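> The structure under discussion is supplied below as structure tokens; questions concerning it will follow.
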Amino acid sequence: LAASEAGAGAGKDCDSDMSISSSGEEDPASLDSVSEELKDFVKLQGLRQRVMDSLLRSDSWSSYLCAGRLVHVIDGTTDWGWGIIVSVFKKVKHGGNGFVGGGDGISSSYIFDVIVPCRAAQGREGQGEGEGAIVLPLEKSIRNIAGMEHKPTPAIIPVSGACVAEISSLRVGLPRNLKGPDGQRKVQMTISSVVKKYGANNLPLLHPSRDMNLEDLDECWFEINSLKPKFSGSARDASRVGTAKGPLKKVGHWDCRGIQRAMEIEAKVAEIEAKIKDSQVTVFDREIKLRSEVLKELGHIDATSVLQLKGRAACEIDTADELMASELMLEGAFNTLDVHQVVAVASCLVPVENTQAVVDVQPALKEPLLALKAAAQRIGDVSKAKGLEIDVEEYVQSFKSTLMNVSYSWSRGSSFSEISAMTDLFEGSIIRAMRRLNELIMQLHAASVAIGDEKLAEKFQKAAQSIQRGIIFAASLYVES
């Protein structure tokens, strides 16, 4: 049809409100500069396209989207108004030029020839206004108010199914000859009379479930009816969809699809973040309950979660495993040891680098090491029994005897060169570990004071003093011998 050719030329020859489809997919747009009104409108159009897609998937779509049916055409934020379907065909190839709009989904695969009242711009070079003229969307002021200087011009334009926003329950008869101006003018008069009778925003519509037997769209239809009143527009907003605040920003269909895609991604991210947050909170709550059960079993708190003596001691320790340290203290593991043995046992609580050397602890340290391993085994067994995910064997082996001989000999007065020969650890690693050991022993001293065990506190004090000497605790390596 000549009018279809006119519609195709609009994207080439004139910077108009008419948006010609393009091939390819839209890129997600940035939502930073998108107004809330435009977001709501994009959401509304997405819901409308969902209804359209559902209808086109049904076997009875041709009964509703047939010749004579009134449909509302909106391309992006460009409102072409109400028109009448002349014919419909399915695209062989996605994209291409010559029809209004585009999109993804099944609705973009169908093209509707729709006759709508338009306004003609200047004709092409060498052509008059009527012949091959470029058609533009009819301004709402012209569309709704009779007697204007520029009268509407009927035109048949190909429209993507993605741009069919609303389907009226009204259907009218069409003249036999729509190529001639008389037939098109009659259709235009019919459209004008229907819009005048009902109002552009109040034409009766086909209901998805009651009229078209489409399932699971009641909630979608409710959202459409909730959002639609926001975009009744004003009489001054030319050919663009508007709100009470004025016309929306001019964007094409593909821009709207990009915004919709960005909104979907944003919603999905928010949903995933909420799930992650809920999951983390759930795991954290479960972890708290299980650890509370472990603390009750080990005697750190009572049945009412009141802090006990062992728990008070554990609160003073933060440089090592506080459960292990308090278990050794309160179960009397340090009571029978001398100062140097205390230093050696405490060194097992200090994390050190992995070493390839097999440590054969001195005879005086074998029994204290077995007591330490037994205490670690008990804590591991209790934790696993209460439901904590723990490898008991790995937990027991985490308390290494790497520094036992080193710290024991240093406490007894050996030189730094002598203790360095006992291990394959670097000298700097030995110094760092011994300083951390001193910090741990001082915390054990504070814990003993907190629980009122003065004798044990004095022992820890002496243990700390026994290692605080030489190059390990020198303020600088550049000192006189």
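The values are calculated or read from the model by the stated rules, or taken from the named source; none is laboratory data. From a predicted model like this one, the values you see are computed outputs, not experimental measurements. Counting neighbours? That spans all protein chains shown, and the Cβs are built from the backbone with ideal geometry, glycine included. Note: accessible area is taken over every heavy atom of the protein model, side chains too, but ligands, DNA and RNA are not part of it. Shrake-Rupley method; radii C 1.70, N 1.55, O 1.52, S 1.80 Å.
> With r defined as the distance between the Cβ atoms of SER63 and LYS90 and R0 fixed at 25 Å, what FRET efficiency is calculated, to the nearest 0.05? Spell out each step's value before the answer.
Values: r = 16 Å, r/R0 = 0.65.
It comes out at approximately 0.95.
> Shifting gears a bit: So what is the relative contact order of the range 297-376, in percent, for Cα pairs below 8 Å that sit 6 or more residues apart? Before the final figure, lay out the partial values.
Working: 48 pairs, mean separation 20.5, N = 80.
Once divided by the residue count of the range 297-376, the mean separation gives 26 percent.
> Which order do the peptides 384-394, 368-378, 428-438 take when ranked by the mean count of other beta-carbon atoms within 10 Å per residue, highest first?
Values: 384-394: 13.2, 368-378: 17.4, 428-438: 19.2.
Per-residue Cβ counts within 10 Å, averaged per peptide and sorted highest first, yield 428-438, 368-378, 384-394.
> Something else about it: Can you tell me which of 271-279, 207-215, 162-170 comes out highest on packing, and rank the rest after it, using the mean Cβ neighbours within 10 Å?
Order by mean packing, descending: 162-170, 207-215, 271-279.
> If a/c stays under 1.5 just call it rounded; otherwise compare a/b with b/c (prolate if a/b is bigger, oblate if not). Do that for the range 175-236, with a ≥ b ≥ c from the square roots of the Cα gyration tensor eigenvalues.
oblate
> Rounded if a/c is under 1.5, else prolate if a/b beats b/c, else oblate: with a ≥ b ≥ c from the C-alpha gyration tensor eigenvalues square-rooted, which is the range 268-393?
Prolate, because a/c is 1.5 or more and a/b exceeds b/c.
> I need the peptides 288-298, 313-323, 440-450 ranked by packing, meaning the mean over residues of other C-beta atoms within 10 angstrom, with the highest value on top.
Output ranking for 288-298, 313-323, 440-450: 440-450, 313-323, 288-298.
> With every protein chain present, what is the per residue accessible area of the range 304-345 (1.4 Å probe, Å²)?
Normalised by residue count, the accessible surface of the range 304-345 is 42 Å².
> To continue, here is another question. Exceeding 19 Å between C-alpha atoms, which entries from my cross-link table qualify? They are LYS43/LYS230; LYS230/LYS250; LYS296/LYS459; LYS275/LYS386; LYS366/LYS455; LYS43/LYS197.
LYS296/LYS459; LYS275/LYS386; LYS366/LYS455; LYS43/LYS197
> Under 15 Å from the Cβ of GLY413, count the other residues' Cβ atoms, weight Lys and Arg +1, Asp and Glu -1, and hand me the total. Show your work: numbers first, answer last.
Values: positive: ARG412, LYS462, ARG469; negative: ASP338, GLU418.
Around GLY413, the surrounding residues sum to +1.
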